[in-house]
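Chemist: Here it is, the structure in full.
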There are 2 protein chains.
Amino acid sequence: MTDLHARLAAIVGAANLLTDPHDLAPAVTDMRGRYTGLPLAMALPASRDEVTALVTLCAAEGIAIVPQGGNTSTCGAATPDTSGRQLIIGLRRMQRVRHIDAANLSITVDAGCTLAQVQQAAASVGRLFPLSLASEGSCQIGGNLSTNAGGLAVLRYGTMRELTLGLEVVLPDGTLLDALSALRKDTTGLDVKQLFIGAEGQLGLITGATLKLFALPTAYSTALLAVDSAEAAIAALNALQARFGDRLTTFEMISEPCQRISERHKPGCMPFFAPWALLVELSDGGEPAALQASFEQWLGGQDFHDGVLAQSETERASLWQLREDISDMQKREGPSIKHDIGVPSSAIPAFLASCGAALDAAFPGVRIVAFGHAGDGNLHYNISYTRPGNAELFTDEDAVNAIVYEHVYRYRGTLAAEHGIGQLKAHWLSQYKDPVALAIMRGIKQQLDPHSIMNPGRWL
Amino acid sequence: MTDLHARLAAIVGAANLLTDPHDLAPAVTDMRGRYTGLPLAMALPASRDEVTALVTLCAAEGIAIVPQGGNTSTCGAATPDTSGRQLIIGLRRMQRVRHIDAANLSITVDAGCTLAQVQQAAASVGRLFPLSLASEGSCQIGGNLSTNAGGLAVLRYGTMRELTLGLEVVLPDGTLLDALSALRKDTTGLDVKQLFIGAEGQLGLITGATLKLFALPTAYSTALLAVDSAEAAIAALNALQARFGDRLTTFEMISEPCQRISERHKPGCMPFFAPWALLVELSDGGEPAALQASFEQWLGGQDFHDGVLAQSETERASLWQLREDISDMQKREGPSIKHDIGVPSSAIPAFLASCGAALDAAFPGVRIVAFGHAGDGNLHYNISYTRPGNAELFTDEDAVNAIVYEHVYRYRGTLAAEHGIGQLKAHWLSQYKDPVALAIMRGIKQQLDPHSIMNPGRWL
């Protein structure tokens, strides 16, 4: 153990400074297995003060820090490099719910709380924390903040940015920024907390947050509806918004190739096949029967050629299971080139048509497996076949990406709607992002972290 | 005309460079008549390119710029100093609705559009732009963005920050930042547009914005309800949120002194008197009768000792008139020391009790006229009497403010919930705002505007 290790251990306790490769293993490789690093160590602080002490020491010694939450980044945003000189700081010992203010609809938590813990704490006082995504059992609030996480309920409740009222951040020089606040309105100067949301740990280490809560719905009504085209899907979205406003909490589009894959691996799971299946959920206070009756009445006036309206909690769960199984089912089909893209919802039909045609021209018979949160324009647009035998799938990745991103930006979209940039997409960012915006970002990095202590080697 | 005037006129046309004191008069004094400046001139550009040219010229010549929208700041944020060396740039010739995307629920406008113009443009395609405030006929979108405006519907739809998808900004060196976007989800780097929202024109001049729209409600149900205490008001707020979710779009509290003033100046306007009157509005898609029936049913299960549920559009309008008249009625009573404070909604009762007691101890018989957007914790808390004869009202302002703000910050509130800081509250900001946050703000100012061209002499 070096002197530096001893000083780090003095802050968190020897048991909470991991150096053994076996102990470090879960933290050094990213979730998708693309990146593996070799850290100096991993420190597990138990408090904001311990984080402050760690960052202050690292700043003095020029040791770079990689903040890590649940290690569920899909872009390698929380994996250290292989220099053996970077310290991972893991937040899993900081999982305290500090305060719930049910009447103000707010909750203050340590950044190491998992998303599921926050959801449960809110539910325990009859409130909803609405962020919802596949890894909610293991991803942590600090990571959700650092990627500005999205997920299944953005249409109604917004992304993590819109769910955040206040933040507590240890800055790269060890200074504590206490911007915790439970206010909905505050015009006292710049809203500095915005800088750290979506910054992927490059500007500071988030140790706590105050988040918005909502009334806990008492009624749900959930349907899987068949439409013939993406145009019809967007028309249905607009009609649902006009009739139900924000009671429309979920609007997911599932393409036919996606439906067929699910059916192949879980026979009988699909109640129908259609060019697009829409998973639609309404939620509300009040009596469940009243909401169900309104939805039924509305559906009666529409022209869906097929559809299922869940009549029980079991049926509702099985519709959701369909959606949640999609990623797993696709994995069983073999590898794919994945995209986390977004365009304005209104542009989804045109994007799908023109990008699909361009891909098919370049790779005849290309297989596109698309699904996603179409209510907010975010599609997971995966390519699982490019050439007979498919051996060259990943050889074709650059060519496929170039076509996809060209079409995304033609519709003023984004190449990273909810997964962030991390290591995986940094080179794309410099190619597609407005250089004026990039220059502002780099200036802020220079201001807050001139010695590049915080999560270096990413995109700032 | 100086050479500089000639060069400015060459950009916007001589007719659009105002130098005559008569032409300048509406722009040099703020709405409340507290500040009067003497500008070099006022330029009225017609396009983003003209703004860019103006800013580039000013940057080269070291001429400070005061961006001005509808000149409705209550804090003197858009009034030039008296040096005769500052150029006002007014946006009233930039009032183009650039694009409405009804299916994506978004609108892109020039920053000089009035709020009412944007509301109307949205309504013309069956959509709602929900920001709503007293000066909506004259305030401009650029000003709404620069103060992160709030108003009557924040409870449901959020402040201007949450309503903004993209911005176009001319930076202090004349560079154009094109951060226009109609995306709800985008994790490609820092969200640089956030810097300019609430910056009061100190970091750049906003020339355009893409804003969120919502489905246009087809049903409203509006009531004025009597409660005996602030505690009962907050309990009613929570109960309404639990039952109606975001159909609750307005929740305003009006104190009894406020009710009495209105009745004195408009006899018969108050249907009842109570410690607090609550103006509550629900809105929804679907049939108006269905919403009214739900609200009636809910009210039937509650214990309000008095109340009026509007039975027609006329009755609804008269309830809203009550709320909208409050500021005018108070003006007729004479001057008052005004506060635009916010605390967590749950802390409103404790704040009112403890701050009221402290003021009464310092100024026996003090008259507090409170009302506001209690659903988001924002109160307009005005003191209209401090001592017999009341001649010393403004002499007492510092002492009153010190008491009020001490209590506001005891409850982790804000001294500027929705009106901003401007010139009026700059000294309070340095006293009450966290110094770490202030240092970050000043660093950003230094980065973006090192020569202090943009709206100098405010709080950055």
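Chemist: With assigned to a loop (DSSP other than H, G, I, E, B) and within 18 Å of B:Gln202 (Cβ to Cβ) as the only criterion, which of B:Ala134, B:Ala78, B:Ala103 stands out?
Modeler: B:Ala78
Chemist: For B:Val12, only one of the following conditions fails: (1) surrounded by fewer than 20 Cβ atoms within 10 Å (Cβ to Cβ); (2) more than 15 Å from B:Gly84 (Cα to Cα); (3) at pLDDT 95 or above. What is its number?
Modeler: Looking at each condition in turn, B:Val12 falls short on (1).
Chemist: Which residue is farthest from B:Phe371 (Cα to Cα), if the candidates are limited to region B:258-291 and must be touching a Phe, Trp or Tyr at 6+ places or on another chain (Cβ under 9 Å) and among the polar types (S, T, N, Q)?
Modeler: In this case the residue turns out to be B:Ser283.
Chemist: Output the residues belonging to region B:1-17 that are farther than 14 Å from B:Leu40 by Cα and touching a helix residue (DSSP H, G or I) at 6+ places or on another chain (Cβ under 7 Å).
Modeler: Answer for region B:1-17, where residues must be farther than 14 Å from B:Leu40 by Cα and touching a helix residue (DSSP H, G or I) at 6+ places or on another chain (Cβ under 7 Å): B:Ile11, B:Val12.
Chemist: Considering only residues that are under 20 Å from the mean Cα position of the chain (by Cα) and closer than 18 Å to B:Lys193 by Cβ, look in region A:421-432 and name the one that is surrounded by the fewest Cβ atoms within 10 Å (Cβ to Cβ).
Modeler: A:Leu429
Chemist: In addition: From B:Gly286, B:Gly268, which residue is under 21 Å from B:Ser318 (Cβ atoms) and surrounded by fewer than 18 Cβ atoms within 10 Å (Cβ to Cβ)?
Modeler: Exactly one residue qualifies, and that residue is B:Gly268.
Yes or no, residue by residue, for (1) hydroxyl-bearing (Ser, Thr, Tyr); (2) under 15 Å from A:Ser83 (Cβ atoms); (3) over 26 Å from the mean Cα position of the chain (by Cα); (4) part of a helix (DSSP H, G or I):
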site: A:Asp23; (1), (2), (3), (4): no, no, yes, yes
site: A:Arg32; (1), (2), (3), (4): no, no, no, no
site: A:Pro45; (1), (2), (3), (4): no, no, no, no
site: A:Val51; (1), (2), (3), (4): no, no, no, yes
site: A:Cys58; (1), (2), (3), (4): no, yes, yes, yes
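Chemist: Let me ask another. Considering region B:333-391 alone, what residues qualify as being among the aliphatic types (A, V, I, L, M), surrounded by fewer than 19 Cβ atoms within 10 Å (Cβ to Cβ) and closer than 17 Å to B:Ala233 by Cβ?
Modeler: Matches in region B:333-391: B:Ala350, B:Ala353.
Chemist: Looking for whichever is at the interface with another protein chain (Cβ under 7 Å from one of its Cβ atoms) and in contact (Cβ under 8 Å) with a residue 12 or more places away in the chain here; the options are B:Gly198, B:Gly151, B:Gly174. Which one fits?
Modeler: Within the list B:Gly198, B:Gly151, B:Gly174, the selection yields B:Gly198.
Chemist: Which one of A:Ile141, A:Ile107 is touching a Cys at 6+ places or on another chain (Cβ under 7 Å), surrounded by 24 or more Cβ atoms within 10 Å (Cβ to Cβ) and not acidic (Asp, Glu)?
Modeler: Selected residue: A:Ile141, the only one of A:Ile141, A:Ile107 that is touching a Cys at 6+ places or on another chain (Cβ under 7 Å), surrounded by 24 or more Cβ atoms within 10 Å (Cβ to Cβ) and not acidic (Asp, Glu).
Chemist: Now for a separate question. Are there strands (runs of 3 or more DSSP E) fully within region B:318-390 with at least 2 residues that are assigned by TED's automatic domain parsing to the domain that holds B:Ala134 and touching a Cys at 6+ places or on another chain (Cβ under 7 Å)? List them.
Modeler: none
Chemist: Taking B:Leu282 as the residue in question, decide whether it is hydrophobic (A, V, I, L, M, F, W, C), in a helix (DSSP H, G or I), within 12 Å of another protein chain (Cβ to nearest Cβ) and closer than 28 Å to A:Gln241 by Cβ.
Modeler: Taking the combined requirement at face value, the residue does not satisfy it.
Chemist: Of the residues B:Val404, B:Val408, B:Val400, which is in contact (Cβ under 8 Å) with a residue 40 or more places away in the chain, within 14 Å of another protein chain (Cβ to nearest Cβ) and more than 24 Å from B:Ala78 (Cα to Cα)?
Modeler: Testing whether each residue is in contact (Cβ under 8 Å) with a residue 40 or more places away in the chain, within 14 Å of another protein chain (Cβ to nearest Cβ) and more than 24 Å from B:Ala78 (Cα to Cα) leaves just B:Val408.
Chemist: So, one more: If you go through region A:247-255 one residue at a time, do you hit one that is within 14 Å of chain B (Cβ to nearest Cβ) and outside any strand (DSSP E or B)?
Modeler: yes
Chemist: Here are some residues: B:Leu429, B:Leu438. Which one is more than 26 Å from A:Arg442 (Cα to Cα) and either touching a helix residue (DSSP H, G or I) at 6+ places or on another chain (Cβ under 7 Å) or not in a loop (DSSP other than H, G, I, E, B) (or both)?
Modeler: That would be B:Leu429, the only listed residue that is more than 26 Å from A:Arg442 (Cα to Cα) and either touching a helix residue (DSSP H, G or I) at 6+ places or on another chain (Cβ under 7 Å) or not in a loop (DSSP other than H, G, I, E, B) (or both).
Chemist: Are any of the residues in region A:186-204 over 18 Å from the mean Cα position of the chain (by Cα), modelled with pLDDT of 95 or more and not in a loop (DSSP other than H, G, I, E, B)?
Modeler: Yes, region A:186-204 has at least one match.
Chemist: Going residue by residue through region A:153-174, is there one that turns out to be of a type outside the set (Lys, Arg), part of a loop (DSSP other than H, G, I, E, B) and modelled with pLDDT under 95?
Modeler: yes
The values are calculated or read from the model by the stated rules, or taken from the named source; none is laboratory data. All of these numbers come straight from a predicted model, not from anything done at the bench. Note that each Cβ is placed from the backbone with ideal geometry, even for glycine, and that neighbours are counted across all protein chains shown.
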